[in-house]
1. When residues of the stretch 102-115 are filtered for being away from the ligand (no atom under 13 Å from the Cβ) and either closer than 17 Å to residue 191 by Cα or touching a strand residue (DSSP E or B) at 6+ places or on another chain (Cβ under 7 Å) (or both), how many remain?
2. On the basis of being under 21 Å from the mean Cα position of the chain (by Cα), open to solvent by less than 60 Å² (accessible area, probe 1.4 Å) and under 21 Å from residue 180 (Cβ atoms), does residue 60 make the cut?
3. Tell me, which residue of the stretch 125-147 that is over 26 Å from the mean Cα position of the chain (by Cα) and β-branched (Val, Ile, Thr) is surrounded by the most Cβ atoms within 10 Å (Cβ to Cβ)?
4. Sort out which residues of the stretch 180-236 are among the aliphatic types (A, V, I, L, M) and within 22 Å of the chain's Cα centre (by Cα), and write them in order of number.
5. Please enumerate the residues belonging to the stretch 111-124 that are open to solvent by 10 Å² or more (accessible area, probe 1.4 Å) and assigned to a helix (DSSP H, G or I).
6. Regarding residue 74, is this residue open to solvent by less than 70 Å² (accessible area, probe 1.4 Å) and either modelled with pLDDT of 95 or more or within 14 Å of the ligand (Cβ to nearest atom) (or both)?
7. Would you call residue 256 aliphatic (A, V, I, L, M), surrounded by fewer than 14 Cβ atoms within 10 Å (Cβ to Cβ), more than 28 Å from residue 17 (Cα to Cα) and out of contact with any strand residue (DSSP E or B) (no Cβ under 7 Å at 6 or more places or on another chain)?
8. Whether any residue in the stretch 87-95 is more than 11 Å from the ligand (Cβ to nearest atom), part of a strand (DSSP E or B) and touching a residue at least 60 places away in the same chain (Cβ under 8 Å) is what I want to check.
Amino acid sequence: MFHYEPKDLKVPEVHRLLLGGVAPRPIALVSTISADGINNLSPFSFFNAFGANPPIVAFSPSRRGRDASLKDTYNNLLATKECVIQSVTHSMIEQVSLASTEFPPEYDEFIKTSLTPIDSDLVKPKRVNESPFQMECKVLEIKSFGNGGASANMAICEVLKFHVAEDLFINGIIDPVKIDLVARMSGDFYSRAGSDLFELKMPGNKKCIGYDQIPEHIRKSEIYSANDLGKFGNSEFIPDETEVKLFFQKLLQEKIDDFEEGYEAFLRYQRLNDYRKMLKAVLNISKNRKINIELTVKCALQNNDMDFAWKAALSVKNIK
Ligand SMILES: Cc1cc2nc3c(=O)[nH]c(=O)nc-3n(C[C@H](O)[C@H](O)[C@H](O)COP(=O)(O)O)c2cc1C
């Protein structure tokens, strides 16, 4: 590990660390209007949502790194106390990147980027038509931390009105693929957030047993990954011995069409992700039984079949 205290680093080095480690970051495309009525549009990835009641979002139009001057967005927020924040989709990212150019304050960045301004309902700054998710906001507070280059000016805003494209919703939830958001990573990298999704249920009110309650022979296995053990830890119950016995009795009696015995068949079932047949095949292979059962458990875990995984995993307790 490298170890750093910010006081020992140059500001751009600290900035680069944050950009790399605090990622992926959502991007706020912020529309403001100057006291003279000129539209401004700029992206900010030091941005997030912080609560829903009332809906609070915040972003940081920091001081410029090169000369510690204040950005137009900051000046506009201070003057008008309003903005519209829009989410950034993949189809608009080039225009959004263009909006980050340091155009002089008298330039209208809607014209520069060819993004389409539409009137807001409750605030003066315009909305960006191309974004399917827009939030009209009032500025509650701007909290500044320092006045050197790249110091933060956290603009804390309350959302007064959401505008969301109707076709984004599936069963009342904004579909991550349909909205196709992009996020900022380190360097010049972005991530297309909807293209590498996986689902993971939150524990919520579940009374999870936790890592420490997983039986030792499972915890000490060399086959299970930290995520595999995490799935066991996320369970509420551990099956008892009788349940495990019954499970194996049933499996032994079960007639499965086209079932073949032997190690070759076990490997084929593993390739097919068929953990039930894997386990049935393992029961007739004496060599490496513990490892083969654990590989079967892994396969069941990948398929989120926790009942099967537990019972198979518990069965290897006394196998060397
Ligand atoms: C994707 C992206 C994210 C950015 N995030 C930030 C940020 O969080 N804070 C910031 O001060 N500047 C950020 N910038 C740079 C500003 O967008 C840039 O300084 C912009 O020109 C400010 O414009 P303004 O002076 O019109 O407000 C980002 C740029 C890009 C392309």
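1. Of the residues in that region, 1 qualify.
2. Working: under 21 Å from the mean Cα position of the chain (by Cα): yes; open to solvent by less than 60 Å² (accessible area, probe 1.4 Å): yes; under 21 Å from residue 180 (Cβ atoms): no.
Against the criterion (under 21 Å from the mean Cα position of the chain (by Cα), open to solvent by less than 60 Å² (accessible area, probe 1.4 Å) and under 21 Å from residue 180 (Cβ atoms)), residue 60 does not qualify.
3. My answer is 139.
4. If the condition is that a residue be among the aliphatic types (A, V, I, L, M) and within 22 Å of the chain's Cα centre (by Cα), then 181, 182, 183, 185, 193, 197, 200, 202, 226, 229 are the ones that fit.
5. 111, 112
6. So residue 74 passes the test.
7. yes
8. The answer is yes, given that some residue of the stretch 87-95 is more than 11 Å from the ligand (Cβ to nearest atom), part of a strand (DSSP E or B) and touching a residue at least 60 places away in the same chain (Cβ under 8 Å).
The values are calculated or read from the model by the stated rules, or taken from the named source; none is laboratory data. Because the structure is a prediction, the values reported are computed rather than measured. Don't worry about glycine lacking a Cβ; one is built from the backbone with ideal geometry, like all the others, and counts go over all protein chains shown. Note: areas computed on protein heavy atoms with side chains; ligands, DNA, RNA excluded. Shrake-Rupley method; radii C 1.70, N 1.55, O 1.52, S 1.80 Å.
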